[in-house]
1. Tell me, yes or no, whether the stretch 252-267 has at least one residue that is in a strand (DSSP E or B) and not small (Gly, Ala, Ser).
2. Give just the number: which of (1) open to solvent by 30 Å² or more (accessible area, probe 1.4 Å); (2) of a type outside the set (Phe, Trp, Tyr); (3) within 16 Å of the chain's Cα centre (by Cα); (4) at pLDDT below 95 does residue 142 not satisfy?
3. Please list, ordered by residue number, the strands (runs of 3 or more DSSP E) wholly in the stretch 1-112 having 2 or more residues that are open to solvent by less than 60 Å² (accessible area, probe 1.4 Å), under 24 Å from residue 139 (Cβ atoms) and touching a Pro at 6+ places or on another chain (Cβ under 8 Å).
4. From (1) of a type outside the set (S, T, N, Q); (2) at positive phi; (3) in contact with a Phe, Trp or Tyr (Cβ under 6 Å, 6 or more places away or on another chain), pick out the condition that doesn't hold for residue 42.
5. Do we find a residue being among the β-branched types (Val, Ile, Thr), over 13 Å from residue 157 (Cβ atoms) and in contact with a strand residue (DSSP E or B) (Cβ under 6 Å, 6 or more places away or on another chain) anywhere in the stretch 241-264?
6. Hey, among the residues in the stretch 230-248 that are touching a helix residue (DSSP H, G or I) at 6+ places or on another chain (Cβ under 6 Å), assigned to a loop (DSSP other than H, G, I, E, B) and open to solvent by less than 40 Å² (accessible area, probe 1.4 Å), which one's farthest from residue 10 (Cα to Cα)?
7. Look at residue 219 and say whether it is assigned to a loop (DSSP other than H, G, I, E, B), touching a residue at least 40 places away in the same chain (Cβ under 8 Å) and either open to solvent by less than 70 Å² (accessible area, probe 1.4 Å) or over 19 Å from residue 17 (Cβ atoms) (or both).
8. Would you mind stating whether residue 48 is within 22 Å of residue 188 (Cβ to Cβ) and small (Gly, Ala, Ser)?
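The values are calculated or read from the model by the stated rules, or taken from the named source; none is laboratory data. It should be emphasised that the depicted structure is a prediction, and the values quoted were computed from it without experimental measurement. No Cβ is skipped: glycine too gets one built from the backbone with ideal geometry, and neighbour counts run over all protein chains shown. The area values use the complete protein model at the heavy-atom level, side chains included, leaving out ligands, DNA and RNA. Shrake-Rupley method; radii C 1.70, N 1.55, O 1.52, S 1.80 Å.
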Amino acid sequence: MGIQLETSVCGLFQIRYPIFLAGMAGGPSTVKLTAAVSAAGGLGTLGAAYMEPAAIRKAIQEIRELTDLPFAVNLFAIEVRDDNTRIGEAQQQLNLLRDKLGIPHAEDGPVLTPNLFREQLAVLLEEKVPVISTAFGVLPPEYMGQAKSAGLRVITMVTTVEEAVLAEQSGCDAVVAQGSEAGGHRGTFDVSQHPSGANIGTFALVPQIVDRVGVPVIAAGGIMDGRGVAAALALGAQGVQMGTRFMTAVESGAHATYQQALLASTEESTVIT
């Protein structure tokens with residue numbers, strides 16, 4: 001039996017191939033990478049979770065200058081709460097590196113992460129981003145309503161069957177089944193229950209979610225080539241999301257040293273941070 005590469009998500013998201021770029025916040029995600037993936041027929045995604053609202057607006061406008069095809073913007077759907085109970089220990093270790101590099105020590109005091117999710121999301125709605133992607137939770141109901149009224153698509157990353165059901169009930173158009181192989185971090189909703197993210201393997205998680213939800217399922221985690229795509233589709237997924245696979249692309253914002261580390265890595269190099 002052959003694998004059909006054109007699936008339901010192609011029409012739903014107006015893309016040629018059922019391949020989604022993961023929203024890699026913090027540097028790897030760039031305007032050029034997002035636009036390049038969309039231009040090649042997939043769905044490019046800008047990882048904007050750490051960006052100021054004004055910077056997100058500017059990036060969206062720059063993507064639109066490079067392509068008129070659909071793209072997504074990914075945010076963390078959480079209110080950030082900092083845990084500074086061990087900040088002193090962390091600073092001691094960082095100070096060893098600062099001394100080695102000749103960098104001044106940081107000032108004492110807690111680290112305060114700004115809660116910008118609602119301001120970031122307001123920009124996405126105002127700019128009518130074709131696809132809104134979230135991690136660590138779903139859009140609050142009032143924002144989901146605004147997105148749907150504007151004709152925008154919404155995707156949420158999930159790591160358990162329960163999360164997938166919740167995402168579908170909230171109104172998501174598709175869910176990304178993110179297995180334990182997913183790089184960076186996994187979008188588990190309740191990190192108090194799963195501090196390192198839920199640890200269900202991609203190809204165990206995908207068919208279980210497919211059996212429980214009616215919206216399309218996009219597989220993520222450990223998929224690096226056509227064999228992985230075929231395996232995901234054979235298990236019922238309608239597409240795949242890849243992040244690490246694009247980290248070494250010329251349009252990636254990942255540092256050259258990090259890219260070389262990836263290329264030189266083996267199956268034993270993975271760690272949970």
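1. From the stretch 252-267, those in a strand (DSSP E or B) are none; that's our starting set.
Within the stretch 252-267, none of the residues are in a strand (DSSP E or B) and not small (Gly, Ala, Ser).
2. Answer for residue 142: the failing condition is (3).
3. Fully inside the stretch 1-112 and qualifying: 71-76.
4. (2)
5. Checked the stretch 241-264: no residue is among the β-branched types (Val, Ile, Thr), over 13 Å from residue 157 (Cβ atoms) and in contact with a strand residue (DSSP E or B) (Cβ under 6 Å, 6 or more places away or on another chain).
6. The extreme case among them is 236.
7. Details: assigned to a loop (DSSP other than H, G, I, E, B): no; touching a residue at least 40 places away in the same chain (Cβ under 8 Å): yes; either open to solvent by less than 70 Å² (accessible area, probe 1.4 Å) or over 19 Å from residue 17 (Cβ atoms) (or both): yes.
When the stated conditions are applied, residue 219 does not pass them.
8. Judged against the criteria, residue 48 is a match.
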